[in-house]
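The values are calculated or read from the model by the stated rules, or taken from the named source; none is laboratory data. Only a predicted model underlies this, so the values are computations on that prediction, with no experimental measurement involved. Note: ideal-geometry Cβ built from the backbone for every residue, glycine included; neighbour counts use all protein chains shown.
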Amino acid sequence: MAGTMSAQINKDRIDANTIPLSSILVVDDEKEFIQTLLKRLRRRGLQCEGVFSGEEAISKISAREFDVVLLDMKLPDMDGNSTLVEIKKIRPATRVIILTGHASVNEGLEGIKNGALDYLMKPVEFESLFEKLLTAAGITSCSQSSHVIDTRK
Amino acid sequence: MIINALKNFFCSNKERSETEICSLRRSFQDHYKSFRSLLTANNIALELMAEMDETLREGQPFSMAFVRGHCTALTVNIYKMIQHLHELSNGKYAGLARVFDTVSEKIEGIIARQPKIAKGEFVLSMAEVDIYSTDQAGGKMANLGEIRNRVGLNVPDGFVITAAATKYFMDSNNLQDEINRRLKLMDDGDLEDLYTTSASIQQLIANAHLPEDLEQLINKQYEDLALRSNSRVLVSMRSSALGEDSSSISFAGQYRTQLNVTDDMLGITYKEIVASKYKSQAIVYRMQRGFRHQDVVMCVGCLSMVDGVVSGVMYSRSPRDPRSEWVIINAAPGLAGQVVDGRAMTDFFRVSRKSPFKVISREIRTHASSTMSDSQAAELADIAVRLEEHFGAPQDIEWSINDKGKIIILQSRPLAHTAAVEEQPNNDETAESFLAGGVTASTGVASGIVHIVRSNIDLLQFPEGAVLVVAHPLPEWATILNRAVAVVSETGHVTAHLATVSREFGIPAIFGIAHATEKLKNGETITVDALGRRIYEGQRDDLLKNAAPPSNLMAGSPVYKLLEEVLRLITPLNLTNPASPYFRPSSCETFHDITRFCHEKAVTEMFSFSSRYGFDEKGAKQLVGDIPLQWWVINLDDGFREGLDLKDKWIRIDDIVSLPMLAIWEGMTAVEWKGPPPVNFKGFGSVLFQSTMNPSLDPAVRSSMSSKSYFLISRNFCNLSVRLGYHFSLAEAHLSDLLTENYVSFKFNGGAADESRRFIRVNLIREVLEQYDFRVEQKADALTARIEKKSAPFLIERLKVLGYLLIHTRQIDMVMGEQGMVDSYRKSLMADLEKIVNPAKENVT
């Protein structure tokens, strides 16, 4: 039984064909962070873009739909929660995951109240972030995704 | 009034002019000010020393910041004492500055000591690594190299980026100073601050520039690896920190491991792993276990990925019984990561340690069929025994079996015998427990309120002293293990990292209790009995009283040793006898010696002020009258009644007008001293103030010391020091119309024969003082009590309490052996005090 799994293990990236195309928007003012993250996400077959400010995020989201938005709370132009509210106004169905370097219970609670799906703290292990993104994008259910991650660890 | 007093003071001499008197008055007041400042610095210094001493003994976690902060404060106060003595004595004891410089430089040297980082190659291939490369490759990779190159077992091919490389990377970006600055600013009691600081430091490192030459070396090693493997292999990158994997210190699962790294991500991933030294759980762990951040240096192993079909963890012996004759194997399908991160259920095998390594028992929990064959289990057990023989101690081994059936060793380290509990079949459940089952991940009993952690927001709100309840025992929960009293998880087993850290922190943990997050409710109080694998509602004192006392987590750790080393320069007292010719600055070896010397000489200088200006030789007058013991009084300013004949060497209590002294005296004499044996001063002092710092002190030396008890007084001030040889106790008070200047302070050093008696006495005194509104701080057997900013009438009543206690606690010696006697003594003591003290004189503000 374990043998059947081995075929899937360690074949690097999840084969792009096995994951339906989905789109992720990463909003963060840290350029290096965005670059590394986008590289890793693309390698795993996810379509993604990055922007550095709240304004850019809102105009991107007005222009087209994203499955998941990964949102930093400290942005150069506006704070994360107001960005979140704007995003939800434009596209209520967009799922937003907060990813912040400034841990704060109040900010987190407000985020959840404003409709954020999850509150993550930097730095997050890529595998567990990837798992959350897949779940949020509706590509895998919770149990399936954790199964995928487990066998890949 | 002061002028009058001084006129009287100096009247024994020939007539003086007004200006002479004026300058004398100023001179006296300067002396008096220096003297009081010196006493203050002395008190602070002794308190700091007691605090450091107690911290070392108590075993509560303390950080480098504590050691650094206390040493700095102590150094400042010792320096102040030397300065004040300098003022008092007109620079008579210049030699002290030299001693001070020597001692403080040594202390500074110890605190600022930098870890030695082995010089050498930045990158080493696995073929070049063995146990002798530990300083370069870190424990984990050095062991793995040893297993490959000397034991001859299969390990993944690859290379190590060394400590020298990490130092080069950090230095070339000048990162350490900035990191230290951020850590110093961090409030480690504040979880939000902890996570934010941790994130900012990790981002700082991840964004730093990787020097080109280092990057090229890493890439070159990867190309060699790809050549050997005939493909552009994926690698796993693992931390291998210096100082990791010693037997009782696990650093379990704190740092980052990145699997499936492609060649273009080597540099970025390397930086992320170096940064993971500052993960929040790693910061907490180091503080808890007494490691300095700067002593941990990250090395990074890059190993080709293993196609693990079955993986797991094995122990060459039972962690509970080092003599056990079987190997314990946990196995699960897939890679090893899930076994140690606590998520997977595992199959459990107990295999004989002797050829042919028979399977003694097994528990299959993963799937319907077993994860591996008996022959594979036997092969694993054989390896476990070989590794134990090679390394000379029981081992904790991570392994994988690949699709070709080959066993590959991923890690081997000494097995921690920290009360790990082997899995046992579930006991029958009794009706009274609320929840039962699972496995004992860490033994113990604890009670607290339930706090279920499902999200990071729950995590950030974790209350101090709560029970952590989770679905899975993920390694990142370790960040709050220093706040939790117990851990309950729905899944997981004893080999999970969180179980290891729980055992190390001495926190009871039950893993594998189904539906715990549904059945337990936030905020309800429960008692977790980890050994019995039961959870009870409410606080069960009957179970809690059997809980083992917490162990000293810090003992033997680097920060603990550092504090010990520093204290050797601080607390030992070599200057014990003021009458000895060796009682001089050049004999001072420690800060304690300096405080002792400064205090002694300052008192002498104050006493001799009068003689220097040509009056009465001793300055001190002995109290006469129908009084117990011998007491000496020194008038600092206006403490004697006007018109007193100052030539006299004696003084009566009626001649004294110092308000605080009179109050203390009233307390001392209100109830007749009954306790036999008849007490002379030496007897009184030796019993009451025997030092604890130097228990081996020769009694002959002690008895040769002619110490006296002195009241230093002015109308509003009194400093009573009851001294004996090398130790002293103080009562001090200042009473005036200005509330902000008013205080009563009291210092008491326990100092009787054995520790338990000493504590009974100190506790009793504490109890009494607290009843009379003192703010009491107890540091080991030393007690400090204070009341500040209260009205003079209020403080006078409290001074009576001190006076009474100074005389009458002598009796506790005879009774403190038995609790019953202590109780009856407490009653008579409180009854006396009720008669003496007028509690109606409440504070008027």
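Observations
- Residue check for residue B:133: farther than 30 Å from residue B:169 by Cβ and part of a helix (DSSP H, G or I): no
- Subset of the stretch B:109-130 [surrounded by 15 or more Cβ atoms within 10 Å (Cβ to Cβ) and free of Cβ contacts under 8 Å to residues at least 60 places away in the same chain]: B:118, B:121, B:124, B:128, B:129, B:130
- Flag for residue B:99 being modelled with pLDDT of 90 or more and under 30 Å from residue B:212 (Cβ atoms): no
- Within the option set B:116, B:92, being part of a loop (DSSP other than H, G, I, E, B), more than 24 Å from residue B:254 (Cβ to Cβ) and of a type outside the set (S, T, N, Q) holds for one residue only, B:92.
- Pairs where the first residue, in the stretch B:767-780, is free of Cβ contacts under 8 Å to residues at least 12 places away in the same chain and the second is hydrophobic (A, V, I, L, M, F, W, C), C-beta under 7 Å, 6+ apart: B:770/B:776; B:776/B:769; B:776/B:783; B:776/B:785
- Enumeration of residues in the stretch A:29-56 that are within 17 Å of residue A:107 (Cβ to Cβ) and in a helix (DSSP H, G or I): A:54
- Subset of the stretch B:472-484 that is farther than 22 Å from residue B:514 by Cβ and in a loop (DSSP other than H, G, I, E, B) - its residue that is nearest to the chain's Cα centre (by Cα): B:482
- Enumeration of residues in the stretch B:270-323 that are within 14 Å of chain A (Cβ to nearest Cβ), within 22 Å of the chain's Cα centre (by Cα) and of a type in the set (Phe, Trp, Tyr): B:278
- Residue match in the stretch A:40-50 (condition: polar (S, T, N, Q), away from chain B (no Cβ under 14 Å), in contact (Cβ under 8 Å) with a residue 24 or more places away in the chain and on the phi < 0 side of the Ramachandran plot): yes
- Of everything in the stretch B:188-216 that is closer than 26 Å to residue B:136 by Cβ and surrounded by 17 or more Cβ atoms within 10 Å (Cβ to Cβ), the residue that is nearest to the other protein chains (Cβ to nearest Cβ) is B:202.
- Residue check for residue A:51: out of contact with any Gly (no Cβ under 6 Å at 6 or more places or on another chain), over 21 Å from residue B:207 (Cβ atoms) and of a type in the set (A, V, I, L, M): no
- Checking each residue in the stretch A:86-138 for being assigned to a loop (DSSP other than H, G, I, E, B) and facing another protein chain (nearest Cβ under 9 Å) picks out A:101, A:102, A:103, A:104, A:122, A:123, A:125.
- Residue match in the stretch A:17-28 (condition: within 14 Å of chain B (Cβ to nearest Cβ) and modelled with pLDDT under 90): no
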